[in-house]
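J.: Before I ask anything, here is the structure I am working with.
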Amino acid sequence: MYKVILIDYSPLTLDIIESILNIEVEFELEFYKFSNSKNALNNFTEIGLELVIIDIDIDMPHIDGFDLIDYIKSIIDTPIIVISGSTHSNNSTDTLLYCAKRIGAEFGLNKKLLKEELPSLVTRLLSATRNSEKKELVRIWDVYFGFDYVR
């Protein structure tokens, strides 16, 4: 079983992501959902080190996704998928996702592509994790999503 932390300020989005992954991903997943980034931080270390995926919305109250990525990467090396559908007038979603990659997230998805892209990304990531091929998968998906920064 793979532990998946989902962090998004919208409980509805959390339920949608969980539903999509439960239906589309063949691996057995255990979800920990947080709609408050402070609660996620407070509970993060208690969940354990079997963590594989963290879906983070960049645009969150209390503690934003950038700070969460920084904190998570400071205590564990686990793949992070960042999801954003930002409507900021000064920042496009692509810019936010690029910045998230620069500070440590391995993957970035626009919320508009969630249903189409997330299940295959998670499946490939879990397969690679099981086969210890995480670094190569990161390079493949970086090219696929158009990021020019490879960790």
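The values are calculated or read from the model by the stated rules, or taken from the named source; none is laboratory data. Quantities reported herein were computed from a predicted structural model and do not represent experimental measurements. Cβ sites come from the backbone with ideal geometry, for glycine too, and all protein chains shown count toward neighbours.
J.: Using the structure shown, decide if F34 is more than 22 Å from G85 (Cα to Cα) and surrounded by 12 or more Cβ atoms within 10 Å (Cβ to Cβ). Walk me through it before giving the result.
T.: Numbers: more than 22 Å from G85 (Cα to Cα): no; surrounded by 12 or more Cβ atoms within 10 Å (Cβ to Cβ): yes.
It is false that F34 is more than 22 Å from G85 (Cα to Cα) and surrounded by 12 or more Cβ atoms within 10 Å (Cβ to Cβ).
J.: Okay, next question. Where residues in segment 69-96 are over 11 Å from the mean Cα position of the chain (by Cα), buried (at least 19 other Cβ atoms within 10 Å of the Cβ) and among the aliphatic types (A, V, I, L, M), which of them is modelled with the lowest pLDDT?
T.: Ranking the qualifying residues of segment 69-96, first place goes to L96.
J.: Considering only residues that are aliphatic (A, V, I, L, M) and part of a loop (DSSP other than H, G, I, E, B), look in segment 24-52 and name the one that is modelled with the lowest pLDDT.
T.: Here is the first cut: in segment 24-52, the ones aliphatic (A, V, I, L, M) are 25, 29, 40-41, 47, 49, 51-52.
Those still in the list that are part of a loop (DSSP other than H, G, I, E, B) too: 25, 49.
Numbers: V25: 93, L49: 48.
Selected residue: L49.
J.: Right, here's the next one. For segment 53-68, name all the residues that are in contact with a strand residue (DSSP E or B) (Cβ under 6 Å, 6 or more places away or on another chain) and modelled with pLDDT of 75 or more.
T.: The answer is G65, L68.
J.: Select from segment 3-23 the residues that are surrounded by fewer than 18 Cβ atoms within 10 Å (Cβ to Cβ), among the hydroxyl-bearing types (S, T, Y) and not in a loop (DSSP other than H, G, I, E, B) and list them in ascending order. Working first, answer last.
T.: As a first pass, look at segment 3-23 and keep what is surrounded by fewer than 18 Cβ atoms within 10 Å (Cβ to Cβ): 3, 9-12, 15-16, 18-20, 22-23.
Now restrict to residues that are among the hydroxyl-bearing types (S, T, Y): 9-10, 19.
Correct list: S19 only.
J.: Let me ask another. Which one of the conditions (1) modelled with pLDDT of 80 or more; (2) crowded, with 18+ Cβ neighbours inside 10 Å does R124 fail to meet, given that it meets all the rest?
T.: (2)
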